Amino acid sequence: MAKEWKNRTKLVHTGTRRSQYGEVSEAIFLTQGFVYDSAEAAEARFVQAGEDEFIYARYGNPTVRMFEERMAALEGTEDAFATASGMAAVNAALMSVLQAGDHVVSSRALFGSCLYILEEVLARFGVEVTLVDGRDNAAWEAAIRPDTRAVFLESISNPTLEIVDLRHVCTLAHAVGAVVIVDNAFATPVWSYAHAAGADLVVYSTTKHVDGQGRCLGGIVLGRRDLIRGRIEPFVKHTGGAMSPFNAWVMLKSLDTLDLRVRAQTETARAVAHALAGHPAVERVLYPHHPAHPQHALARAQMEAGGTVLSIEVKGGKEGAFRFLNALEIFTISNNFADAKSIVTHPATTTHQRLPDEQKALLGISPGLVRISLGLEDPEDLIADLERALEAVETP
Ligand SMILES: *Cc1c(COP(=O)(O)O)cnc(C)c1O
């Protein structure tokens, strides 16, 4: 029955666990431990915990479980395990499927901390990592080998919104028995196609669209039950990356409005992309569903919508970009995205500052590149603010 519900119904109801008080709104079970009726009951629970039986908050908690079940229902996976942050989720996914001597192939346009795990941490434990241009199907084909155990990628990369042909990569990976791990932050859980395209593990930083209001860190790994319960749960529960029940409650309440928020923010992003394309102060606009995106056809084929973030290249390099950022009134200068508040980021001097210049050039992170995350404000106000600020670029 619940399986047939549409996403908006699932987001409000799936996985609700009511206490003996019959509360309407999901309760926060802010407890570390759980009481057993007898010594025998404690022993039995340690042998095999039932569906509604918990042992310790690092292993599981009723509020966290509600959140996990609701997210799994949305993504369409059998199960999910929530983590303290998006990075705890990425780390758990990689660490729980890999061991020394394994080979991993990953797209190279990655969130800095993901790149750190692949290049610094995994390398120290004897895992060989090959980085490829995620847009290039032939590069994936050349890099994936019979001993490749995992493939890692961001379905839409940050900040240039490069797109991976997910079905193609999944087919190549599965032919050699590799586990495909997709960091799906930019695609959003509302427009996700990762599980449907064949990803074995889908990872979200729920800090982004799920919270969506800039409050809590969180993450989640979704996938088949054997992988989630057999690999991810033991790794997270013993290494300490569990989600706090308070954060799970914030996330759970946010799911009530996730679909409405992401749809509104996506519509605003689409309108902004069209308003800024061809503007005399803008070199180029990068938005997956805008015809100027180099992979527009793939974006249309793969994704129902273009997401809530776009990037633009402002004329006049760093100076032009800074003038633009400083002239904005509604947009906040920050490094996060997917917030109710619209945010602008200058990747070359902040999130991607540490990359050597050649690497920035390779990834398309030019001095004039500005990432724009659309919030919940009125789109007309936002477009007016952007157009007014772009005048500062033209007339110094
Ligand atoms: C934000 C982000 C992360 C990390 O998430 P945190 O919740 O900050 O730990 C990982 N991958 C991508 C693509 C992200 O955008």
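The values are calculated or read from the model by the stated rules, or taken from the named source; none is laboratory data. Here the structure is a predicted model, which means the values were calculated and not measured. Glycine also receives a Cβ, built like all others from the backbone with ideal geometry; neighbour counts cover every protein chain displayed. Ligands, DNA and RNA are excluded from the accessible area calculation, which covers all protein heavy atoms including side chains. Shrake-Rupley method; radii C 1.70, N 1.55, O 1.52, S 1.80 Å.
For ILE333, the residues whose amide H sits under 5 Å from its own are VAL344, ignoring neighbours fewer than 5 places away on the same chain, with H placed 1.01 Å from N. Relative to the Cα centre, the charge distribution of the stretch 2-254, modelled as +1 at Lys and Arg Cβ and -1 at Asp and Glu Cβ, gives a dipole magnitude of about 480 debye.
Per-residue extension of 0.36 nm, minus the Cα-Cα distance of LEU362 and GLU23, leaves a gain of 116.7 nm for this segment. Ligands, DNA and RNA excluded, the heavy atoms of ILE163 present near 0 Å² of accessible surface to a 1.4 Å solvent probe. Among ARG225, ARG167, ARG108, ARG17, the sequence by solvent-accessible area, most first, with a 1.4 Å probe is ARG167, ARG225, ARG108, ARG17.
One decimal place: the segment ALA41-HIS168 gains 40.7 nm when fully extended, by the rule 0.36 nm per residue minus the C-alpha distance. Calculated over the stretch 257-394, the projected area of the Cα convex hull averaged across directions stands at 8.0 nm². Against the chain, whose longest principal axis is taken from its Cα atoms, helix 245-276 shows a tilt of about 20°. Per-residue SASA remark: MET243, around 10 Å² accessible (1.4 Å probe; ligands, DNA and RNA not included).
Residues considered: GLN265, GLN359, GLN295. Largest GNM mean-square fluctuation over the chain, using C-alpha springs under 10 Å, is found at GLN359.
For GLU283, the residues 5 or more places off, or on other chains, whose built amide H falls under 5 Å of its own are GLU313, VAL314, LYS315. Three principal axis extents of the stretch 191-230 based on alpha-carbon atoms, in descending order, are 32, 24, 8 Å. Applying the criteria of a DSSP loop state and at most 14 other Cβ atoms within 10 Å to the GluC sites (Glu not before Pro) of the stretch 136-236 yields no site. Reported to the nearest whole Å, the Cα centre-to-centre distance from the stretch 221-288 to the stretch 316-331 is 26.
Between the Cα long axis of helix 86-97 and the first principal axis of the chain there is an angle of about 60°, rounded to the nearest 10. Using a Gaussian network for the chain with springs between C-alpha atoms less than 10 Å apart, which of these wobbles most: ASN158, ASN335, ASN61? Maximum among the listed residues: ASN335. Between ALA142 and ARG58, what is the spin-label point distance in nm, taking each point 7 Å from the Cα along the Cα→C-beta axis? Simple spin-label model gives 4.6 nm for this pair.
Report summary: the helix-based calculation at 222 nm, which adds -39500 (n - 2.57) for every DSSP H run with n ≥ 4 and divides by the residues of the chain, gives -11000 deg cm²/dmol.
Using only alpha carbons, the stretch 125-193 has a radius of gyration to Kirkwood radius ratio (Rg to Rh) of 0.96. THR171 exposes around 100 Å² of accessible area when a 1.4 Å probe is run over every protein chain in place. Label-to-label distance for GLN353 and ALA384 is 3.4 nm, based on points extended 7 Å past Cα in the beta-carbon direction. With the dipole of the chain worked out from charges on the C-beta (+1 for Lys and Arg, -1 for Asp and Glu) around the Cα centre, which of GLN353, THR257, THR148 lies farthest toward the positive end? With unit charges placed on the Cβ atoms, the residue in question is THR148. Across all Cα atoms of the stretch 1-147, the radius of gyration (one decimal) and Dmax (whole number) stand at 20.4, 61 Å.
A simple spin-label model places the labels of LYS341 and GLU304 3.1 nm from each other, with each point 7 Å out along Cα-to-Cβ. When THR266, THR349 are compared by accessible area at a 1.4 angstrom probe, the order from most to least is THR349, THR266.
Just checking the listed ones, ASP378, ASP133, ASP211: in the Gaussian network model of the chain with Cα springs under 10 Å, the one fluctuating most is ASP378. Seen from all directions on average, the stretch 64-217 presents a Cα convex hull projection of 8.5 nm². Quotient of the Cα radius of gyration of the chain and 2.2 N^0.38 Å, N being its number of residues: 1.01.
Largest to smallest in accessible area, the residues ARG45, ARG124, ARG224 fall in the order ARG124, ARG224, ARG45 (1.4 Å probe, all protein chains included).
Where both bridge residues fall in the chain, DSSP classifies roughly 55% of the beta bridges as antiparallel.
Report, to the nearest 10°, how far helix 62-75 tilts away from the longest principal axis of the Cα atoms in the chain, using its own Cα long axis and a range of 0 to 90°. Compared with the principal axis, the helix lies near 50 degrees.
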